[in-house]
1. Which of the residues belonging to region 268-286 are modelled with pLDDT under 95 and either open to solvent by less than 40 Å² (accessible area, probe 1.4 Å) or among the charged types (D, E, K, R) (or both)?
2. Of all residues in region 26-44, how many are over 24 Å from Lys157 (Cα atoms) and touching a Phe, Trp or Tyr at 6+ places or on another chain (Cβ under 8 Å)?
3. If you check every pair at least six apart or on different chains, which have Cβ atoms under 9 Å apart with a residue in region 28-40 that is within 12 Å of Leu85 (Cα to Cα) and part of a loop (DSSP other than H, G, I, E, B) first and a residue that is at pLDDT 90 or above and open to solvent by less than 10 Å² (accessible area, probe 1.4 Å) second?
4. Pull out all pairs, ordered by first then second residue, where Cβ-Cβ is under 7 Å, the residues are six or more apart or on different chains, the first lies in region 255-283 and is touching a residue at least 60 places away in the same chain (Cβ under 8 Å), and the second is β-branched (Val, Ile, Thr) and assigned to a helix (DSSP H, G or I).
5. Can you go through Leu164, Leu140, Leu226 and tell me which one is open to solvent by less than 10 Å² (accessible area, probe 1.4 Å), part of a helix (DSSP H, G or I) and over 23 Å from Pro57 (Cα atoms)?
6. Can you tell me which residue is farthest from the chain's Cα centre (by Cα) among those in region 22-57 that are among the polar types (S, T, N, Q) and closer than 15 Å to Ile125 by Cβ?
7. Would you please name the residue that is most open to solvent (accessible area, probe 1.4 Å), looking only at residues in region 175-223 that are outside any helix (DSSP H, G or I), touching a helix residue (DSSP H, G or I) at 6+ places or on another chain (Cβ under 9 Å) and under 21 Å from Leu132 (Cβ atoms)?
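The values are calculated or read from the model by the stated rules, or taken from the named source; none is laboratory data. Note that this is a predicted model, so its numbers are computed, not measured. Because the Cβ atoms are built from the backbone with ideal geometry, glycine has one as well, and the counts that use them run over all protein chains shown. Ligands, DNA and RNA are excluded from the accessible area calculation, which covers all protein heavy atoms including side chains. Shrake-Rupley method; radii C 1.70, N 1.55, O 1.52, S 1.80 Å.
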Amino acid sequence: MTMPQIDRYKQRTVNIEFNAIEDFTVVPHPERLTLIFITSGSIKWNLNERPIFVSAPSVLCLTEDDKVQVMEKNDVAAQSFSFHLEFLNSTVLSETKEYFPAIPRIHTGLSLFQRNQGYYGVPRITETAYPLLLEWFFVLGTEVQAQSDALWVCRIKRYLIQILGLLEELNQQREHSPVDAVLDYIHTHYSKKISLEDLTNCAHLNRVTLNKRFQERCGNTAMGYLLSYRLKVTRDLLTHTDMSLNEIARAAGFEYDTYYIKQFTAKLGMSPTTYRITSRELAGAL
């Protein structure tokens, strides 16, 4: 597939590209951020004059300004998703002749493309994260190719937010304590049903000890953190997609949209619908 894509439903260009086979000969892509998902093999290269060895499974996060030189490849299989920063913008809700409001932009995961504090664009991938990334990259490729209905771009944004959010969370975990194991579990399974027993089994700790360590590390109980993380995911989906409340609730692991709406309203002091409208309007006022 080539960029830009033509949205056949809304007659617009969408500045994204998915390559089912990434051969590394044209990276980094100009004017784009690129996620390269290495599913097998290994590669040795210089990234901004720093030698890096990467083996599968790995994700490489490249900017247009990165200087890449491939030194050696061993049976590498990889796929890539590239997107212009413009793709992170949401739809402009209203505009007049003299006033064009700023557009809300997705910020989740942008830290992955920064080069500081010894980070060089290769977030760590855990055993539990790998199958999810494999599934989500597959969805990205399928949606780009199929454009199955008018909301195909929304679904791509949803899965891109999930991928970037997961990679960002994994990259922030520097040690692997029992709390890290639970955080890893939450960040990879939040869309499914999760019980406190699941989390205590994951940490090999009892409920009291797990919650004490979570309070010290995250300022919340384990289940409280899970709820907050799910609500964080939905905020991005509310602002940057046109998914229904029921679709958003299910995507974030809420069994019923009524329960989701109740929790969202209690925690943020406004309904999801009000938040969707307000978050976009606030961006226009900045």
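1. Arg276, Ser279, Arg280, Glu281, Ala283, Gly284
2. 3
3. Pairs found: Arg32/Ile16; Arg32/Leu62; Arg32/Ser82; Arg32/Phe83.
4. Ser279/Thr239; Arg280/Thr239
5. On the way: Leu164 fails: over 23 Å from Pro57 (Cα atoms); Leu140 fails: over 23 Å from Pro57 (Cα atoms).
Selected residue: Leu226, the only one of Leu164, Leu140, Leu226 that is open to solvent by less than 10 Å² (accessible area, probe 1.4 Å), part of a helix (DSSP H, G or I) and over 23 Å from Pro57 (Cα atoms).
6. Taking region 22-57 as the starting set, the residues that turn out to be among the polar types (S, T, N, Q) are 25, 34, 39-40, 42, 46, 48, 55.
Right, trim to closer than 15 Å to Ile125 by Cβ and you get 39-40, 42, 55.
On the way: Thr39: 18, Ser40: 22, Ser42: 24, Ser55: 21 Å.
Ranking the candidates gives Ser42 first.
7. At the first step, the residues of region 175-223 found to be outside any helix (DSSP H, G or I) are 175-177, 190-195, 204-206, 219-221.
Imposing the further condition that a residue be touching a helix residue (DSSP H, G or I) at 6+ places or on another chain (Cβ under 9 Å) reduces the set to 176-177, 190-191, 194-195, 204-206, 219-221.
Going one step further and asking which of them are under 21 Å from Leu132 (Cβ atoms), we end up with 176, 190-191, 194-195.
Working: His176: 128, Tyr190: 9, Ser191: 46, Ile194: 16, Ser195: 46 Å².
Step by step, filter region 175-223, then rank; the result is His176.
Here's the yes/no breakdown for (1) part of a loop (DSSP other than H, G, I, E, B); (2) touching a Pro at 6+ places or on another chain (Cβ under 8 Å); (3) modelled with pLDDT of 85 or more; (4) closer than 19 Å to Gly121 by Cα:
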| residue | (1), (2), (3), (4) |
| --- | --- |
| Val59 | no, yes, yes, yes |
| Asp65 | yes, yes, yes, yes |
| Glu72 | no, no, yes, yes |
| Val76 | no, no, yes, yes |
| Phe81 | no, no, yes, yes |
| Leu93 | yes, yes, no, no |
| Glu98 | yes, no, no, no |
